[in-house]
Amino acid sequence: MSGILYLHGFRSSPASFKARAVAEAMAARGLQERFFCPALSHEPRQAMVQAEAILAAEGPLTLVGSSLGGFYATWLAERHGLRAVLVNPAVLAHLSLADYVGPQTNLYTGEEFQFTREHVAQLQAMEVADLRPERYWLLVEEGDEVLDYRQAVARYRDARQTVLAGGDHSFTRFVDFVPQILEFAGL
């Protein structure tokens, strides 16, 4: 049976609005045991170890990644032949996050951590050269104040895309798409 592996963004957590919305929708369908959302390490290599451990234990899952989680979802989708929903994804994560080197605080847990140049280098090493567009559904809002949505539209140009006017980096209309995300995942 399929399920969903949700990958949250930088400085986020499983307590994020989007993660909780998917978890609640899965629970409403009696599929709560098929929803996975680890508290990802701020260290990119370790975050992927966490995600790959879930995939190894649970089998193929549909990935849903928001922001940095979208970058991670792309790496995992290509590495493991999985499908992915990307929500306002970081396309060039090593460039997007280079300005965040230094002390950081998780927005949900209050945990403080150091984001380093080594972490940026790990992200750069994870860049995926070639994409299989049929694996992806891109969800972006043009009003994203953190990432330039046009980079994602260009990067995933041959993939299914939903590009909405307005909004912001949180993807304000996410709840409206949760049923379609579950359908994309075959649930």
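In segment 72-105, what residues are closer than 17 Å to residue 124 by Cα, of a type outside the set (Ser, Thr, Tyr), open to solvent by 10 Å² or more (accessible area, probe 1.4 Å) and assigned to a helix (DSSP H, G or I)?
The answer is 75, 78, 79, 94, 95, 98, 99.
Among residues belonging to segment 1-28 that are at pLDDT 95 or above and of a type in the set (D, E, K, R), point out the one that is farthest from residue 49 (Cα to Cα).
Applying the filter and picking the extreme gives 24.
Within segment 33-54, work out how many residues are closer than 15 Å to residue 75 by Cα and basic (Lys, Arg).
Total meeting the criteria: 1.
Find the residue count for segment 15-41, including only residues that are open to solvent by 50 Å² or more (accessible area, probe 1.4 Å) and under 22 Å from residue 111 (Cβ atoms).
Count: 3.
Can you tell me which residue is nearest to the chain's Cα centre (by Cα) among those in segment 154-179 that are open to solvent by 40 Å² or more (accessible area, probe 1.4 Å) and hydroxyl-bearing (Ser, Thr, Tyr)?
170
Pull out all pairs, ordered by first then second residue, where Cβ-Cβ is under 8 Å, the residues are six or more apart or on different chains, the first lies in segment 106-122 and is surrounded by fewer than 13 Cβ atoms within 10 Å (Cβ to Cβ), and the second is among the aliphatic types (A, V, I, L, M).
The qualifying pairs are 117/101.
In the set 7, 40, which member is closer than 26 Å to residue 161 by Cβ and touching a Cys at 6+ places or on another chain (Cβ under 9 Å)?
Just one listed residue meets the conditions, 7.
Of the conditions (1) closer than 28 Å to residue 158 by Cβ; (2) in contact (Cβ under 8 Å) with a residue 40 or more places away in the chain; (3) touching a helix residue (DSSP H, G or I) at 6+ places or on another chain (Cβ under 8 Å), residue 67 clears all except one; give me its number.
Only one criterion in (1) closer than 28 Å to residue 158 by Cβ; (2) in contact (Cβ under 8 Å) with a residue 40 or more places away in the chain; (3) touching a helix residue (DSSP H, G or I) at 6+ places or on another chain (Cβ under 8 Å) is unmet by residue 67, namely (3).
Does residue 150 satisfy the criteria of being open to solvent by 80 Å² or more (accessible area, probe 1.4 Å) and part of a helix (DSSP H, G or I)?
Against the criterion (open to solvent by 80 Å² or more (accessible area, probe 1.4 Å) and part of a helix (DSSP H, G or I)), residue 150 qualifies.
Just checking, does segment 42-52 include any residue being within 25 Å of residue 127 (Cα to Cα), of a type in the set (A, V, I, L, M, F, W, C) and open to solvent by 10 Å² or more (accessible area, probe 1.4 Å)?
Yes, that holds for at least one residue.
Being under 18 Å from residue 66 (Cβ atoms) and part of a loop (DSSP other than H, G, I, E, B) is true for just one of 167, 186. Which residue is that?
Details: 186 fails: under 18 Å from residue 66 (Cβ atoms).
Result: 167 is the single residue among 167, 186 that is under 18 Å from residue 66 (Cβ atoms) and part of a loop (DSSP other than H, G, I, E, B).
The values are calculated or read from the model by the stated rules, or taken from the named source; none is laboratory data. All values derive from a computational prediction rather than experimental measurement. Counting neighbours? That spans all protein chains shown, and the Cβs are built from the backbone with ideal geometry, glycine included. Each accessible area value is taken on the protein alone, full model and side chains, heavy atoms only, with ligands, DNA and RNA left out. Shrake-Rupley method; radii C 1.70, N 1.55, O 1.52, S 1.80 Å.
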